[in-house]
1. Can you give me the number of residues within the stretch 68-107 that are in a loop (DSSP other than H, G, I, E, B), of a type in the set (A, V, I, L, M, F, W, C) and surrounded by fewer than 12 Cβ atoms within 10 Å (Cβ to Cβ)?
2. When you scan the stretch 31-45, do you find a residue that is of a type outside the set (Asp, Glu), modelled with pLDDT under 85 and surrounded by 15 or more Cβ atoms within 10 Å (Cβ to Cβ), even just one?
3. Can you spot a residue in the stretch 16-26 that is open to solvent by less than 50 Å² (accessible area, probe 1.4 Å), in a loop (DSSP other than H, G, I, E, B) and touching a Pro at 6+ places or on another chain (Cβ under 9 Å)?
4. Which residues, taken from the stretch 49-67, are outside any loop (DSSP other than H, G, I, E, B) and in contact (Cβ under 8 Å) with a residue 24 or more places away in the chain?
5. For the stretch 41-95, give me each residue that is of a type in the set (Gly, Ala, Ser) and in contact with a helix residue (DSSP H, G or I) (Cβ under 7 Å, 6 or more places away or on another chain).
Amino acid sequence: MTDILNCPKCSQENVYFDGTSNVCPDCFFEWSGEENEASSIPLDSNGAELKDGDAVTVIKDLKVKGSSMVIKRGTKVRSIRLTENPDEVDCKIDGSSIVLKTCFLKK
């Protein structure tokens, strides 16, 4: 078992290992040690690793919040930029800067 210093969700130090997973009693977040390392790699819907500058395709029609714009299935997005969150990428579509979830993208 590795020493755990802080909760990845709330950054509190009151973390303990209950035998199967790590638990934070302050925010009730539970995680395993392997999950932390694997979740930092951004993956598309098929499990392929995404990198800065990749070209991806949208796999589902997506409504853009706060706009009447719809991103159609099959739209190609070039030059994505990774964000701090491995589940999101930043990109430009029709001149608008948009953050997309990686689960709706494929390489």
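1. Looking only at that region, the number is 0.
2. For the stretch 31-45, residues of a type outside the set (Asp, Glu), modelled with pLDDT under 85 and surrounded by 15 or more Cβ atoms within 10 Å (Cβ to Cβ): present.
3. yes
4. Listed by number, the residues that qualify are Val56, Thr57, Val58, Leu62.
5. Ser45
The values are calculated or read from the model by the stated rules, or taken from the named source; none is laboratory data. Every value quoted in this text rests on a predicted model; they were computed, and no experiment measured them. Methodologically, a virtual Cβ is constructed for each residue, glycine included, from the backbone with ideal geometry; neighbour enumeration extends over all protein chains shown. Accessible surface areas use protein heavy atoms only, side chains included; no ligands, DNA or RNA. Shrake-Rupley method; radii C 1.70, N 1.55, O 1.52, S 1.80 Å.
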